[in-house]
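J.: Mind looking over this structure? Questions follow.
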Amino acid sequence: MARYRGFVSSPRVPGGVVHKLPVDLRKALASHPEQFVQTLTEKLMTYGIGRTVTWRDMPTIRAIVRDTAKENYRFSSIILHIVDSDQFQMRSVAETQHPTQTAQNH
């Protein structure tokens with residue numbers, strides 16, 4: 001357990017189980033891979049589309065998790081499904097350009 005400025009952190013996973021060794025945490029994550037992959041997909045989608053995911057994005061995220069389960073949740077498969085998603089494909093040009101690029105164009 002780590003203590004930092006009054007904040008106590010412990011390696012807990014859903015269900016309240018405390019894991020003291022990395023191997024225990026790995027086993028806990030492996031026992032529910034869909035939860036880990038859903039969180040990973042949400043974070044990667046947020047980065048990829050340049051905005052926070054909303055409830056409207058969740059059906060796509062769940063579909064990515066469901067489809068990648070057939071491929072044993074391969075990381076490359078998750079990335080390809082995100083890139084193929086409507087959310088990623090339909091980003092506007094302004095969202096994909098760096099702020100200095102848009103300033104130079106005006």
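J.: Test each condition in (1) surrounded by 12 or more Cβ atoms within 10 Å (Cβ to Cβ); (2) in a helix (DSSP H, G or I); (3) modelled with pLDDT under 90 for Arg91 and report the one that comes out false.
T.: Failed condition: (2).
J.: Report the residue count in segment 46-90 for those that are of a type in the set (Ser, Thr, Tyr) and more than 27 Å from Ala30 (Cβ to Cβ).
T.: Of the residues in segment 46-90, 2 are of a type in the set (Ser, Thr, Tyr) and more than 27 Å from Ala30 (Cβ to Cβ).
J.: Within segment 24-40, which residues are modelled with pLDDT under 80 and under 20 Å from Ile61 (Cα atoms)?
T.: Leu29 - this is the single residue of segment 24-40 that is modelled with pLDDT under 80 and under 20 Å from Ile61 (Cα atoms).
J.: Across segment 30-62, what is the number of residues that are in contact (Cβ under 8 Å) with a residue 12 or more places away in the chain and among the small types (Gly, Ala, Ser)?
T.: 2
The values are calculated or read from the model by the stated rules, or taken from the named source; none is laboratory data. Just so it is clear, the structure is predicted and the values come from calculations on it, not from any experiment. Every residue, glycine as well, gets a Cβ built from its backbone with ideal geometry; the counts of neighbours run over all protein chains shown.
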